[in-house]
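Take a look at the following structure, please.
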4 protein chains.
Amino acid sequence: MPFELVDHSYGKSRVRLVKLTRHSESHDLTELTVGIKLDGDFGAAYTTANNKNVVATDTMKNIVYVQARQRPVEPIESFARAIAEFLLAEYSQTSAAEIEILQHGWTRLDPYAFQRAGEERRVARVTATRQSVAVASGIENLVLLKTTKSAFEGYVHDRYTILNEASDRIFATAIQATWRYSRPDVDFNACWQECRRVMIETFAAHDSKSVQQTLYAMGTAALKAQPVISEIRLSLPNRHCLPVDLTPFGLENKNDIFVPVDEPHGLIEGTIVVRPE
Amino acid sequence: MPFELVDHSYGKSRVRLVKLTRHSESHDLTELTVGIKLDGDFGAAYTTANNKNVVATDTMKNIVYVQARQRPVEPIESFARAIAEFLLAEYSQTSAAEIEILQHGWTRLDPYAFQRAGEERRVARVTATRQSVAVASGIENLVLLKTTKSAFEGYVHDRYTILNEASDRIFATAIQATWRYSRPDVDFNACWQECRRVMIETFAAHDSKSVQQTLYAMGTAALKAQPVISEIRLSLPNRHCLPVDLTPFGLENKNDIFVPVDEPHGLIEGTIVVRPE
Amino acid sequence: MPFELVDHSYGKSRVRLVKLTRHSESHDLTELTVGIKLDGDFGAAYTTANNKNVVATDTMKNIVYVQARQRPVEPIESFARAIAEFLLAEYSQTSAAEIEILQHGWTRLDPYAFQRAGEERRVARVTATRQSVAVASGIENLVLLKTTKSAFEGYVHDRYTILNEASDRIFATAIQATWRYSRPDVDFNACWQECRRVMIETFAAHDSKSVQQTLYAMGTAALKAQPVISEIRLSLPNRHCLPVDLTPFGLENKNDIFVPVDEPHGLIEGTIVVRPE
Amino acid sequence: MPFELVDHSYGKSRVRLVKLTRHSESHDLTELTVGIKLDGDFGAAYTTANNKNVVATDTMKNIVYVQARQRPVEPIESFARAIAEFLLAEYSQTSAAEIEILQHGWTRLDPYAFQRAGEERRVARVTATRQSVAVASGIENLVLLKTTKSAFEGYVHDRYTILNEASDRIFATAIQATWRYSRPDVDFNACWQECRRVMIETFAAHDSKSVQQTLYAMGTAALKAQPVISEIRLSLPNRHCLPVDLTPFGLENKNDIFVPVDEPHGLIEGTIVVRPE
């Protein structure tokens, strides 16, 4: 049988890095996890055991540290792009480089001390070829909860439906968002901060009729606030907080005692774009 | 600004299920985690807070349990397909249903007792529309290690390369494989077992010049063994076992003392198809 | 052979709970994970299959929710004590009840919305018998990092030592602290906040000669700040940030590029008490 | 206020190690995670910043690798003891060394290839002083499930009890066991294998009236099988598999469709000793 390797890529995952920037009166701290993937003329390694085009993944890791020494690592979108372009320039057998960077948050305590800011992460994903560069920014694991202005009513009721309609439920989620830009010269830090701010604000203020509706409101709010964003994708798990049934114990649950459950959970996803007028 | 919801789906994740099949002299046990995603006419929930087409994700969960009661849950490919087709038949607003099932392994100890078989999982993914059904099978987290017949030599050496060439290294990985079928009437259990068997056998026997080459050998071995498979995708992390430098302590490491590290790791991927002759 | 059941206990772990307190203009939110363990006259269940004294662990879970409905769940020390005393009063076969409560942090965004505050947790542990109640408070996973005023020098150098002395290293840790009180009538919230505050402040300000010395400084600072605390135990992992060797690439690491590693890590522990003068 | 450091220890956690033993026709593979803790005259590091007695935890790590090079690493009880005694001999300021070793299982595929055997781990814990050595062996995360001969009836029924009595339920658990020896010259491998075997056999065969009773049966079976064991401690979570209520859908659950839940779970513990006759 004739076989064909129709798709292949390889790289290094989970390259961890802390960079310290020493100012005269304070330090800045950046913690990143970098992932690299290369496409290109590497098929011979798979099919004929010829490694001559193969850049060792250990070498890729070294390049991350060398680049981190030689240039700023923030904004992470620019650092990711620099790594991608360096790899393309250095290795002619590479046709595309995909760089993903996760930034872990630290809250400043004093000029030289920091506290971990939680498990929310800022994300940059850059895919560069010799012809183009695509930059995406995002957020992972932004965990939000609201205790009012969340309902879920008017959905399909059939023989498999036992869920009670809720006019006032807890809405808890862990937001994953990714957005793309319509042009390359973006103030990534300002855009990311503003995009995150309006999504949080919208989540809190929104009179939610469903997770779907809130997702759409958050996405359009981000697109409105930052016209440089052309597309946003949101993924919102519905981390159910179920009211505990206290009637067997002669008590009424006044919609105040809940069990949060991790599984199963709803998962609501959507992608919104700006249409040219 | 005019916005458009260009893509949306929603569903239920991590629906856990144990089904017991009671034979006269023994029991069979199946443990699954099911995920459901629906595409269709659900946009109004996002854009106009109209939930009338929305099937609650809790209802989807109930359907999984009802289906599990009413039909066999194995092979998981068939169970996934049954759930997908049921959802399409029941809810006309649905255009596509995507079902993912993970099967957790249990090793039989006696007719009624079992031991957890590890963290390897069998996977089925079915995407059904009113016109078509696509079935994929796979394996997650099949952790293998070999202590000889693994080399990595002849790769690019440049100013960023410090990795030593290795003629005899440890090769450890956690295989993720997914394959598709060229026709629907497949003995999924037999095919999955055989596909897994030849991949393990190839991993062990292969005189590896790189992870890439072993990936290709494993993939083509599966395609050869099971002609009903038309395409296979493999993802192999390279879980490095690094030799410990004992020279500072006046000792030679005779290639026998290693540190296994989880991060960073290489990640090698490839997709192989059978070409019509 | 004669066997003896010399020690036994049982209970319910990971009872999750969210309680909402609805004020006229805002809501308060508390998320807890509760664990219960009972000691007492339960040996017959082990040795003679007699369950008549056994309180089902499901019943214990129900009691947590009933108590949460009927009384405040904060401070968690008081809630833990209330559960313990309720169990002792209700079930005469119980000789001791041990309650552990983890509180998960939420940062307020507006009167009705919250953001997850990270993976730090406040802990209460109460062990009550018919004669006594012991209350302990604590912190888990308070992740701190400082970029200066941390050295490690003057330690043992022998044939197994290759670690370089460091006059200015990164010091990163995830603090676990537990403390006990010298009397029962404590303002637990104020004490916890203050104890946490002085430990963070000491960590940041301390001119550290070792993790050991900083641990002692943090512990004594807490004891000084809160005389009601009679004993504090601290456990500080040393989450190493290792300088990357860039010399193979013709670069100098100006003590600014590091790899954070999770394993292996140092682990420094100590318990400090106040001695009566 | 006068403070006293009443207890302190420090060491290195999660030292990972793979050792290969090269026979002429096959290789043996051992994967371990080692933890070290030292007690002794280290208080000055805490209280007066005097590091002269401090052995760097990096040095401890090196000693593990040196010892692994110079002697067998199996049985892990003997390797742990060797490390402990080496540390006591080398560092006179040490009064006690506590070594914990986890062994990760690999199943042989051929003379040079292996498959990960799951997340069960063998454990050894050695605490050595200049006067004594205490050796404990154990098992972590041995996940077992039985589908019959498990009941739970006759327990306390009161106003907080809603759990239904079960004459035939699923019993799933993840065994944690630790045992001590009455004398030092033990064939640790044979003893561990036999102890594990009889506990699994007892779990499967036992006509269980409660988790408590099965725990006691497993523990006494191990003590009977291996008289060299003087004490065994077992900790058995009750990983509930809850029957799904299908009556709202017009179906009967014939005790065959279950939801496995991770939280909350019961936790049953007990320690059994052999009493001198």
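Among the numbered conditions (1) touching a Leu at 6+ places or on another chain (Cβ under 8 Å); (2) surrounded by 20 or more Cβ atoms within 10 Å (Cβ to Cβ), tell me where B:HIS8 comes up short.
(1)
Return a yes/no flag: does region B:226-247 have any residue that is more than 14 Å from chain D (Cβ to nearest Cβ) and over 20 Å from the mean Cα position of the chain (by Cα).
No, the conditions are met nowhere in region B:226-247.
Suppose the filter is of a type in the set (A, V, I, L, M), modelled with pLDDT of 95 or more and farther than 17 Å from B:LEU32 by Cα; does B:LEU144 pass it? Steps first, please.
Details: of a type in the set (A, V, I, L, M): yes; modelled with pLDDT of 95 or more: yes; farther than 17 Å from B:LEU32 by Cα: yes.
Yes.
Which one is farthest from C:ARG122 (Cα to Cα) among residues in region C:161-173 that are buried (at least 19 other Cβ atoms within 10 Å of the Cβ) and not polar (S, T, N, Q)?
Keep residues of region C:161-173 that are buried (at least 19 other Cβ atoms within 10 Å of the Cβ), which gives C:169-173.
After this cut, where a residue has to be not polar (S, T, N, Q) as well, the list is C:169-172.
Working: C:ARG169: 29, C:ILE170: 26, C:PHE171: 23, C:ALA172: 20 Å.
The selected residue is C:ARG169.
Next question. Could you list, in sequence order, all residues of region A:62-82 that are more than 10 Å from chain B (Cβ to nearest Cβ) and surrounded by 24 or more Cβ atoms within 10 Å (Cβ to Cβ)?
A:ALA68, A:VAL73, A:ILE76, A:GLU77, A:PHE79, A:ALA80
Counting only residues that are touching a helix residue (DSSP H, G or I) at 6+ places or on another chain (Cβ under 9 Å) and surrounded by fewer than 20 Cβ atoms within 10 Å (Cβ to Cβ), which one in region C:87-97 is farthest from C:LEU17 (Cα to Cα)?
Let us first name the residues in region C:87-97 that are touching a helix residue (DSSP H, G or I) at 6+ places or on another chain (Cβ under 9 Å), namely C:87, C:90, C:94-97.
Narrowing the set further to residues that are surrounded by fewer than 20 Cβ atoms within 10 Å (Cβ to Cβ) leaves C:90, C:95-96.
Numbers: C:GLU90: 22, C:SER95: 26, C:ALA96: 23 Å.
Only one residue fits best here, namely C:SER95.
For region D:205-225, what are the residues that are in contact with a strand residue (DSSP E or B) (Cβ under 8 Å, 6 or more places away or on another chain) and either surrounded by fewer than 19 Cβ atoms within 10 Å (Cβ to Cβ) or not small (Gly, Ala, Ser) (or both)?
D:ALA205, D:LYS209, D:VAL211, D:GLN212, D:THR214, D:LEU215, D:TYR216, D:MET218, D:THR220, D:LEU223
Which residues, taken from region B:124-143, are out of contact with any helix residue (DSSP H, G or I) (no Cβ under 8 Å at 6 or more places or on another chain) and either over 27 Å from B:HIS240 (Cα atoms) or away from chain D (no Cβ under 12 Å) (or both)? Reasoning before the result, please.
Step one: of region B:124-143, the residues out of contact with any helix residue (DSSP H, G or I) (no Cβ under 8 Å at 6 or more places or on another chain) are B:131-132, B:134, B:136, B:138, B:140-141, B:143.
If the condition is that a residue be out of contact with any helix residue (DSSP H, G or I) (no Cβ under 8 Å at 6 or more places or on another chain) and either over 27 Å from B:HIS240 (Cα atoms) or away from chain D (no Cβ under 12 Å) (or both), then B:GLN131, B:SER132, B:ALA134, B:ALA136, B:GLY138, B:GLU140 are the ones that fit.
Out of the residues in region D:228-261 that are in contact with a His (Cβ under 9 Å, 6 or more places away or on another chain) and within 30 Å of C:ASP7 (Cβ to Cβ), which is surrounded by the most Cβ atoms within 10 Å (Cβ to Cβ)?
D:ASN238
Which numbered condition in (1) in contact with a Cys (Cβ under 9 Å, 6 or more places away or on another chain); (2) at the interface with another protein chain (Cβ under 9 Å from one of its Cβ atoms) is the only one that C:LYS146 fails?
Failed condition: (1).
Within region B:153-172, is there a residue that is at the interface with another protein chain (Cβ under 10 Å from one of its Cβ atoms), closer than 24 Å to B:VAL198 by Cβ, in a strand (DSSP E or B) and within 26 Å of the chain's Cα centre (by Cα)?
yes
Look through C:LYS37, C:LYS19 and report the one residue that is closer than 26 Å to D:GLY154 by Cβ and under 24 Å from the mean Cα position of the chain (by Cα).
Details: C:LYS19 fails: closer than 26 Å to D:GLY154 by Cβ.
Answer to the selection: C:LYS37.
Count, please, the residues in region B:1-57 that happen to be more than 12 Å from chain A (Cβ to nearest Cβ), under 26 Å from B:VAL126 (Cα atoms) and polar (S, T, N, Q).
Final tally of qualifying residues: 2.
Considering only region C:105-135, how many residues are surrounded by fewer than 19 Cβ atoms within 10 Å (Cβ to Cβ) and farther than 16 Å from C:TRP179 by Cα?
Summing the residues that are surrounded by fewer than 19 Cβ atoms within 10 Å (Cβ to Cβ) and farther than 16 Å from C:TRP179 by Cα in region C:105-135 gives 12.
Does A:ALA177 count as without any contact (Cβ under 8 Å) to a residue 24 or more places away in the chain and either more than 30 Å from B:GLN70 (Cβ to Cβ) or assigned to a strand (DSSP E or B) (or both)? Walk me through it before giving the result.
Working: without any contact (Cβ under 8 Å) to a residue 24 or more places away in the chain: no; either more than 30 Å from B:GLN70 (Cβ to Cβ) or assigned to a strand (DSSP E or B) (or both): yes.
Against the criterion (without any contact (Cβ under 8 Å) to a residue 24 or more places away in the chain and either more than 30 Å from B:GLN70 (Cβ to Cβ) or assigned to a strand (DSSP E or B) (or both)), A:ALA177 does not qualify.
Then there's this: When you look at C:VAL135, is it within 20 Å of C:SER235 (Cβ to Cβ) and part of a strand (DSSP E or B), yes or no?
Details: within 20 Å of C:SER235 (Cβ to Cβ): yes; part of a strand (DSSP E or B): yes.
In short, yes.
Here is a follow-up. List the residue pairs whose Cβ atoms are under 6 Å apart, where the first residue sits in region B:256-277 and is at pLDDT 95 or above, the second is of a type in the set (Val, Ile, Thr) and part of a strand (DSSP E or B), and the two are 6 or more positions apart or on different chains.
Listed by first residue and then by second, the contacts come to B:PHE258/D:VAL18; B:PRO260/D:VAL18; B:PRO264/A:VAL15; B:THR271/A:VAL6; B:ILE272/B:ILE232; B:VAL273/A:VAL6.
For D:ALA96, all conditions in the list (1) in contact (Cβ under 8 Å) with a residue 12 or more places away in the chain; (2) among the small types (Gly, Ala, Ser); (3) outside the structural domain of D:LEU17 (by TED's automatic domain parsing) hold save one; what is the number of the exception?
Answer for D:ALA96: the failing condition is (3).
Please verify whether A:VAL186 is in contact (Cβ under 8 Å) with a residue 60 or more places away in the chain and either under 20 Å from A:GLU77 (Cβ atoms) or touching an Asp or Glu at 6+ places or on another chain (Cβ under 8 Å) (or both), treating the condition exactly as stated. Before you say what the answer is, go through the steps one by one.
Working: in contact (Cβ under 8 Å) with a residue 60 or more places away in the chain: yes; either under 20 Å from A:GLU77 (Cβ atoms) or touching an Asp or Glu at 6+ places or on another chain (Cβ under 8 Å) (or both): yes.
Answer is yes for this residue.
Restricting attention to region B:1-45, which residues are touching a Gly at 6+ places or on another chain (Cβ under 9 Å), over 20 Å from B:LEU87 (Cα atoms) and of a type in the set (Asp, Glu)?
Scanning region B:1-45 gives a single hit, B:GLU31.
Something else: Where residues in region D:43-61 are among the aliphatic types (A, V, I, L, M) and more than 31 Å from the chain's Cα centre (by Cα), which of them is surrounded by the most Cβ atoms within 10 Å (Cβ to Cβ)?
Step one: filter region D:43-61 for residues among the aliphatic types (A, V, I, L, M), giving D:44-45, D:49, D:54-56, D:60.
Narrowing the set further to residues that are more than 31 Å from the chain's Cα centre (by Cα) leaves D:44-45, D:49.
On the way: D:ALA44: 17, D:ALA45: 27, D:ALA49: 19.
Taking the candidates together, the pick is D:ALA45.
Can you name the condition, by its number, that A:ILE101 falls short on among (1) within 30 Å of A:SER208 (Cβ to Cβ); (2) surrounded by 20 or more Cβ atoms within 10 Å (Cβ to Cβ)?
For A:ILE101, the exception is condition (1).
The values are calculated or read from the model by the stated rules, or taken from the named source; none is laboratory data. All of these numbers come straight from a predicted model, not from anything done at the bench. Ideal geometry is used to build each Cβ from the backbone, glycine not excepted, and the neighbour counts take in all protein chains shown.
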